[in-house]
Amino acid sequence: MIKYSVEAGCCFCQECQYVCPVHAITMDSKGAHIDEDICIGCGKCEKNCASEAIVRKEI
Ligand code: SF4
Ligand code: SF4
């Protein structure tokens with residue numbers, strides 16, 4: 001199963017939140033956070049993250 005997670009380098013732009021079709025992304029003091037139970041693995045957040053802070057992973 002393909003999932004995505006936010007690693008180092010988030011600049012709090014919130015672009016990923018705007019493009020996520022299932023609202024799996026919230027912001028906290030460290031930056032964006034993806035709820036893997038909600039994420040459907042579409043990859044839109046990764047494509048739209050200018051900071052390349054989002055990584056694809058297979059779980
Ligand atoms: S798009 Fe990237 S830099 Fe912007 S809030 Fe999301 S993870 Fe952070
Ligand atoms: S991969 Fe798609 S569903 Fe998952 S957090 Fe990113 S935009 Fe949302």
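The values are calculated or read from the model by the stated rules, or taken from the named source; none is laboratory data. Note that the structure is predicted; figures quoted are calculated from it, not measured. Methodologically, a virtual Cβ is constructed for each residue, glycine included, from the backbone with ideal geometry; neighbour enumeration extends over all protein chains shown.
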Item checked: Which numbered condition residue 8 fails, given (1) at pLDDT below 95; (2) among the small types (Gly, Ala, Ser); (3) touching an Asp or Glu at 6+ places or on another chain (Cβ under 7 Å) -> (3)
Item checked: Single residue of 34, 2 found to be near ligand 1 (Cβ under 10 Å from one of its atoms), of a type in the set (A, V, I, L, M, F, W, C) and closer than 15 Å to residue 59 by Cβ -> 34
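Collect the residues in region 4-29 that are β-branched (Val, Ile, Thr), surrounded by fewer than 18 Cβ atoms within 10 Å (Cβ to Cβ) and either within 10 Å of ligand 2 (Cβ to nearest atom) or not in a strand (DSSP E or B) (or both), keeping them in residue-number order.
Hits for region 4-29 are 19, 22.
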Note to self: Tell me whether region 41-58 contains one or more residues that are in a strand (DSSP E or B), within 10 Å of ligand 2 (Cβ to nearest atom), among the basic types (Lys, Arg) and at pLDDT 95 or above.
What the structure shows: yes
Next item on the list: Inspect all residues belonging to region 30-39 and state whether any of them is exposed (fewer than 12 other Cβ atoms within 10 Å of the Cβ), outside any strand (DSSP E or B) and at pLDDT below 95.
Entry: yes
